[in-house]
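Notes to accompany the following structure.
The values are calculated or read from the model by the stated rules, or taken from the named source; none is laboratory data. Since the model is a prediction, treat every value here as computed from it, not as a measurement. Cβ sites come from the backbone with ideal geometry, for glycine too, and all protein chains shown count toward neighbours. These area figures cover heavy atoms from the full protein model, side chains too; ligands, DNA and RNA do not enter into them. Shrake-Rupley method; radii C 1.70, N 1.55, O 1.52, S 1.80 Å.
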Amino acid sequence: MKTPTIVLTIAGSDSSGGAGIQADIKTISALGSYAASVITSVTAQNTLGVQGIHPIPMDMVRQQIISVMDDLQPQAIKIGMVCNGDIAVTIAESIKKYQPKWVIYDPVMVSTSGSKLMTDDTIDCIRRKLIPQVTLITPNLHEARILWGREITCIDEMEKGAEALGKEYGCSVLIKGGHLEKGGMCDILYDANEARIFRYDAPKIESHNLHGTGCTLSSAIATKLSQGHSLKEAIALAKDYVTKVIDTAKDIQIGNGYGPLWHFI
C-alpha cells in the first residue's frame, strides 16, 4: 500500500458527529488520506442545535499541534472553529514555526441563521494574526460580509469581495454562495497567485441534511491539495465530492433536525 498523505484538522468537536473534527476526519479518510486532529473546543450539540461550548486551554491546543507536527509532519492543515484570540495566536505562531505547504481556514464566525459566534475582539485577532498566515480562506456570505465590511447579495459583489479580501490578507479566497437567494450554487475563487477570479457552479440540492457542509468542503480541499492537485483543481474536486455527499444524504434520517452529510459514497 502506498503511504497516504497526512492532513491535520484543527477544529472543534461535534458530539453529534456531523460537523467539526468528526466531519473532517470522515472527509479526509473517505478521500484516501490520513487524518490527524487538534481539538480547539468541545461542544454539546445535535441536529437540533448547540447546547454548550467549552474551549480547550491554549497550552493544550499548542501541545497537540507540537505533538502532531513534530512527528507526522502533515502536508496540509485545515482550520475550523477558533474559539478565542489566544487560540488564534497559538495556531498562527505554529504555522510560522512549521511552515506547512497548505493551510486552509474555514472561518466559522456565523451560524446558519446569521448569528455571530465570536466576539469582535476574537474576530479582530483572527484578522490580524491568523488569516495572513494561511493559503486559502473559505467564508460563506455572512462571514465574507464581516471580513469585508460590506453586504454581499449577488455574484458581482462576491467577486469584488473575494478580490478585496485576497489583496488585503495576501491569501486566496473562496466565497461560498450557498446563501444566495436566487439561482444555483455558485462559489467564487480569487486565486492570489494568479490574481484572477474563477467561478464554480453546481446544482442546488434541496435537502434538510446539510450540517457540516462547510467543514466537509474545506477538509476536502485540504486533502486534494495534499495529494498534489493545484488549488483550482482541488476546489473543483472538493465541490464535486460535496455535491455527491449532499445528494447521497438527502433522504437519510439521522436525528430530528438538520442532519449530517453522508461522507462515504
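Counting 0.36 nm for each residue step from Asp251 to Lys2 and taking away their Cα separation leaves a gain of 86.1 nm. Straight-distance candidates among the aspartates and glutamates for linking to Lys97, with alpha-carbon spacing under 14 Å and chain neighbours fewer than 8 residues away dropped: Asp70.
When log10 I(q)/I(0) by the Debye sum over Cα atoms at q = 0.07, 0.13, 0.14 Å⁻¹ is computed from the coordinates, the matching label among (i) -0.21, -0.78, -0.92; (ii) -0.30, -0.95, -1.05; (iii) -0.25, -0.86, -0.99 is (i).
If you build a Gaussian network model of the chain, linking Cα atoms that sit under 10 Å apart, which residue out of Ile131, Ile66, Ile221 swings the most? Ranking Ile131, Ile66, Ile221 by mean-square fluctuation puts Ile66 first. Once C-alpha pairs closer than 8 Å and six or more residues apart are averaged by separation and normalised to the residue number of the chain, the relative contact order reads 19 percent. At a Förster distance of 41 Å, what's the computed FRET efficiency of Thr243 paired with Asp59, Cβ-Cβ distance as r, to 0.05? After rounding, the FRET efficiency stands at 0.55. With all protein chains kept in place, the per residue accessible area of the chain amounts to 46 square angstrom at a probe of 1.4 angstrom.
Where both residues lie in the chain, what percent of DSSP beta bridges are antiparallel, nearest 5? Of the beta bridges lying entirely in the chain, close to 45 percent run antiparallel. Spin-label model, Asp71/Lys96: points 7 Å from Cα along the beta carbon direction are separated by 2.7 nm. Annotation: extensible slack from Ser230 through Arg199 equals 9.6 nm (criterion: 0.36 nm per residue apart, minus Cα-Cα distance).
The Kirkwood hydrodynamic radius of the stretch 8-100, based on inverse pair distances between different Cα atoms, is 13.5 Å. For Lys160, go through the lysines and keep the ones whose alpha-carbon is under 17 Å away, minus same-chain ones fewer than eight residues off. Straight-line reach from Lys160, under 17 Å: Lys176.
Is there a quick way to get the dipole size of the stretch 166-265? I mean about its Cα centre, with the Cβ of Lys and Arg at +1 and of Asp and Glu at -1; what is the value in debye to the nearest 20? The calculated dipole for the stretch 166-265 is roughly 80 debye. Working ranking of peptides 241-251, 210-220, 148-158, 79-89 by packing, defined as the average number of other Cβ atoms within 10 Å per residue, highest first, is 210-220, 79-89, 241-251, 148-158.
Per residue, the Cα convex hull of the stretch 49-174 amounts to 111 Å³. Rolling a 1.4 angstrom probe over the chain with all protein chains present gives an accessible area of which 51% lies on carbon and sulfur atoms.
When the stretch 76-135 is described by a simple charge dipole with +1 on each Lys and Arg Cβ and -1 on each Asp and Glu Cβ, the residue from Gln133, Met81, Gln99 located farthest towards its positive end is Gln99.
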